[in-house]
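A short worksheet on the structure shown next.
The values are calculated or read from the model by the stated rules, or taken from the named source; none is laboratory data. Small disclaimer: the values here were computed from a predicted structure and weren't measured. All Cβ positions, glycine included, derive from the backbone under ideal geometry; neighbour counts span all protein chains shown.
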Amino acid sequence: MDFSKTLDVFKGDRTSRIPYSKAQNDREIELDERWMNERYRTRRASLISISRLWIYLTVANLAILGITVYVSFQSPCRPFRGKNATLRPISWWSPVLDAIEIPTFTTTINGTLFPKPEISIAREEPSAANDAAWHEYEKVLTHVVSREEIVKLGKDPDRVARFHDDYWGFGDDAYMVQLDVMHQIHCLNLLRKAAFADYPGYNPEMDPHDKMWWIHLGHCSDILLQNIQCNANTEVLTLAWVEDYSRPWPDFSVNRQCRDFNTLVKWQHENAVDDDKFDNMPIPEDGFKWPPPWKQAESELGVKLGQHHQQEGIPKPHEHHHGGRK
């Protein structure tokens, strides 16, 4: 090779001087096209992945929203509207809640150990007149509800007593209910009579102190305890020092938020069936009848029973205590 030609190669624009073949040029073009195509496919796949991710997130959010809406409508804690909106979240369904608005009010409970000048029937001296007042106060009357309402109460309509249409004229969809709070007052009155039975000059009318008497007392004690536990108010008592007393004296006169009991009593009297007619009501032949619990100790209204209640209040000889030993 001539030296001058070799020198020309290294002078000036080298790219314009180096000879490339057509095959080499086509190869570079092909590589460029492959690189562009690969880059396009990679970017397109990335965009598709991002799009799918957004779709999945959108579907997931919609699903969560749907579940939230469903739960909010099914939850017993959802806000109530209409009558007794503040009572419904803390009450089982009752026809009374649909029928009337029950006012609530703030008051101070009379918790003094010694009675005030103005006293309730619970502080009156036990007497025949006081018993008569309690009898009116504890009166349990009966009301009519529908089959649908019995279901709302969580009971089986086929096993709940109905008002027979031939006697009452209420139709076939008429079932019997009573206010539970009135039964609680009845139980309180029974315990009151038992507690004051030995009060001087007081001779309450009570059933004979047989086995059923003690069972009745046990039932009422249990009912009242369960209701106190169920309602479980959260108020607290303050304590104070009193002269000539070595321990702090509790102040039972707490502030309370109460339901208007008189509203319930008024509703009961205005909507109950005739009490005398109810007392003389014949037992319908086609009505469902449970086995009598006092004749068999297995169940009461379908609820399984224990055996201990058969001797409640009547201790056996070996159950008496002697010198701290059985």
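Laid out as a table, the results:
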read-out: Exclusive hit being closer than 19 Å to residue 278 by Cβ and among the aliphatic types (A, V, I, L, M), set 217, 191, 153, 141; value: 141
read-out: Positions within the stretch 167-187 being of a type outside the set (Phe, Trp, Tyr), in contact (Cβ under 8 Å) with a residue 40 or more places away in the chain and in a helix (DSSP H, G or I), in sequence order; value: 181, 182, 183, 184, 185, 186
read-out: Members of the stretch 99-126 found to be more than 21 Å from residue 187 (Cβ to Cβ) and either of a type in the set (Ser, Thr, Tyr) or not assigned by the TED database to the domain that holds residue 184 (or both), listed by number; value: 104, 106, 107, 108, 112
read-out: Hits in the stretch 95-134 (condition: within 30 Å of residue 205 (Cβ to Cβ) and assigned to a helix (DSSP H, G or I)); value: 128, 129, 130, 131, 132, 133, 134
read-out: Residue in the stretch 260-278 that is in contact with a Phe, Trp or Tyr (Cβ under 8 Å, 6 or more places away or on another chain), farther than 25 Å from residue 174 by Cβ and assigned to a strand (DSSP E or B) present; value: no
read-out: Pick from the stretch 277-308, criterion within 32 Å of the chain's Cα centre (by Cα) and charged (D, E, K, R), ranking: modelled with the highest pLDDT; value: 289
read-out: Out of 203, 227, sole residue that is surrounded by fewer than 17 Cβ atoms within 10 Å (Cβ to Cβ) and outside any helix (DSSP H, G or I); value: 203
read-out: Residue within the stretch 138-155 that is in a strand (DSSP E or B) and among the polar types (S, T, N, Q) present; value: yes
read-out: The listed residue being surrounded by 13 or more Cβ atoms within 10 Å (Cβ to Cβ) and within 30 Å of residue 128 (Cα to Cα), out of 211, 155; value: 211
read-out: Test result for residue 187, more than 23 Å from the chain's Cα centre (by Cα) and under 21 Å from residue 122 (Cβ atoms); value: yes
read-out: Search result, residues across the stretch 251-276 that are touching a residue at least 24 places away in the same chain (Cβ under 8 Å) and either farther than 22 Å from residue 103 by Cβ or among the polar types (S, T, N, Q) (or both); value: 251, 252, 253, 255, 257, 263, 268, 271, 273, 275
read-out: Of residues in the stretch 175-200 being over 28 Å from residue 268 (Cα atoms) and not charged (D, E, K, R), the one surrounded by the most Cβ atoms within 10 Å (Cβ to Cβ); value: 196
